[in-house]
Amino acid sequence: MIEPFPLIEISGPPRERGRQYGRQAAERIVKGRAYYGAQLDRLKLDGAAVAGLVRDYLPLIEQLEPAYVGESAESPTASRSRSRTWRCSMRSPRS
């Protein structure tokens with residue numbers, strides 16, 4: 001059986017919403033990072049290759065929805081792990 005995705009309710013400014021989400025979704029974030037990390041390992045993409053993909057896709061993401069880039073850029077925590085965050089987001093299908 002597939003575990004349903006939980007409802008996560010957050011509020012406040014971008015940084016606070018990120019912290020709230022991170023606390024509530026911590027287990028799923030760890031699972032997602034492991035899953036996507038394994039996919040990238042299978043594709044033999046190292047940190048430099050992922051950073052290149054982020055640089056290539058970032059303008060397209062910003063053109064699609066500037067808020068996606070704007071909110072992550074406001075967080076100092078996000079800037080340290082942006083490549084990992086974006087690499088997960090880039091491979092997630094849009095609903």
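Does segment 42-59 hold any residues that are under 20 Å from VAL69 (Cα atoms), more than 14 Å from the chain's Cα centre (by Cα) and not small (Gly, Ala, Ser), and which are they?
ARG55, ASP56, PRO59
Pick from VAL30, VAL69, VAL50: which is touching an Asp or Glu at 6+ places or on another chain (Cβ under 6 Å) and not polar (S, T, N, Q)?
On the way: VAL30 fails: touching an Asp or Glu at 6+ places or on another chain (Cβ under 6 Å); VAL50 fails: touching an Asp or Glu at 6+ places or on another chain (Cβ under 6 Å).
Exactly one residue qualifies, and that residue is VAL69.
One line per residue, one yes/no per condition, for (1) free of Cβ contacts under 8 Å to residues at least 40 places away in the same chain; (2) surrounded by fewer than 12 Cβ atoms within 10 Å (Cβ to Cβ); (3) touching a Lys or Arg at 6+ places or on another chain (Cβ under 6 Å):
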{"site": "MET1", "(1), (2), (3)": "yes, yes, no"}
{"site": "PRO6", "(1), (2), (3)": "yes, yes, no"}
{"site": "PRO14", "(1), (2), (3)": "no, no, no"}
{"site": "GLN20", "(1), (2), (3)": "yes, no, no"}
{"site": "ALA26", "(1), (2), (3)": "yes, yes, no"}
{"site": "ALA34", "(1), (2), (3)": "yes, yes, no"}
{"site": "LEU40", "(1), (2), (3)": "no, no, no"}
{"site": "ALA48", "(1), (2), (3)": "yes, yes, no"}
{"site": "LEU58", "(1), (2), (3)": "yes, no, no"}
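For segment 5-41: of the residues being in a helix (DSSP H, G or I) and hydrophobic (A, V, I, L, M, F, W, C), which is nearest to TYR68 (Cα to Cα)?
Restricting to residues being in a helix (DSSP H, G or I) and hydrophobic (A, V, I, L, M, F, W, C), the top hit is ILE29.
A short reminder: the numbers here are calculations on the coordinates, not readings from a lab. Given the structure is predicted, the values throughout are model-derived calculations rather than measurements. As a convention, Cβ positions derive from the backbone with ideal geometry for all residues, glycine included, and neighbour counts pool all protein chains shown.
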